[in-house]
Amino acid sequence: MPNTEEISIRNQLNTKFIGHQLYYYPKLTSTMDIAKRKAQEGADEGTVVIAGEQTSGKGRLGRAWLSPQGNLAMSIILKPPLDKLHQLIMVASLAVVRTIKRVSGIEAEIKWPNDVLIKGKKVCGILIENEVQRDEVLFAVIGIGININLDPLATPEISSIATSLASESGEEIEKDKVITALFAEFEQLYLESQSGVPIYQEWKYYMGTIGKWVQVKAGESVERGQAEAVTKRGNLILRRADGSIAEIVVGDVTMIKDKSDH
Ligand code: BTN
């Protein structure tokens, strides 16, 4: 039987296709696993899996993602052409920034590649997993986790690095409103990006990483430098202390003080 949150999401739905196929689970392991299974079984583009709570949420680069009740955990199935696949990073993070502004009035920023921060603390993480065969995208699953009503102080593991919409705005935020706003912003940006409307400039505008001294780790490789730009493909351009340039495709960014900080 659908629960009240699910009914409320369905009633407020104002999209062309995102969320029309909606699977809502009060509790599951990870929306990524269920969404991938649905996609392999042929789910339509725009199918969404939402969890009230995840018991083994997945983060980027093999990390775990805390996903208690009151937060948003969802995965969206999309099927973009291969030459537009790289834009999903921009679509997803920008959609979250716009949604946060819409539901709380708060201006968030993006930390490369696709974390969303408020006053330097993480409010949203995004995980994108693709299945590509030769030159065809079978599907992409975009996992979005937003800290909505989490009390960071009650969660010591993440209290120094994470925040939530409720703790920043000082009031409880209705999760169904965040979800339906996110569907609408996501769909608009996705359709625009697919039809060639540039969304890169807006993504770059909200990219708080530019100008900062950062360390970027990807597996065994570590780069340090000043984040100089982001490219239209979504890569990070880093100027190392010796003046040379590195173009980073994937990695985990941490802020450092300056070039002397090791
Ligand atoms: C990160 O910042 O490391 C990415 C976190 C992504 C979390 C979301 S929550 C919904 C979806 N299901 C998961 O298990 N992970 C993503």
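Just so you know, all these numbers are worked out from the coordinates, no wet-lab data involved. It should be emphasised that the depicted structure is a prediction, and the values quoted were computed from it without experimental measurement. Backbone-built Cβ (ideal geometry, glycine too); neighbour counts: all protein chains shown.
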Checklist line | Shape category assigned to the range 1-121 from the gyration tensor of Cα positions, a/c cut at 1.5 | finding: rounded
Notebook entry, point to check: Summing +1 for each Lys or Arg and -1 for each Asp or Glu, what net charge is found among the other residues whose Cβ lies under 13 Å from the Cβ of Ile161?
Noted result: +2
Next item on the list: Could you tally the net charge around Leu85, taking each other residue with its Cβ under 15 Å from the Cβ of Leu85, Lys/Arg +1 and Asp/Glu -1?
Entry: -1
Check: Using alpha carbon centroids, what distance separates the range 142-210 and the range 36-61, in Å?
Finding: 18
Checklist line | Length released on extending from Tyr200 to Lys27, taking residue separation times 0.36 nm less the Cα-Cα span | finding: 58.7 nm
Notebook entry, point to check: Simple spin-label model, 7 Å along Cα-to-Cβ: Leu191 to Thr55 in nm?
Noted result: 3.9
Check: Which entries of Lys217/Lys257; Lys79/Lys175; Lys121/Lys212 show an alpha-carbon separation above 18 angstrom in the structure shown?
Finding: Lys79/Lys175
Checklist line | Contact order relative to length of the chain, as percent, for alpha carbon pairs under 8 angstrom and 6 or more apart | finding: 17
Next item on the list: Please report, in Å, the Rg and the Dmax of the chain, where both are computed over Cα atoms only.
Entry: 18.0, 62
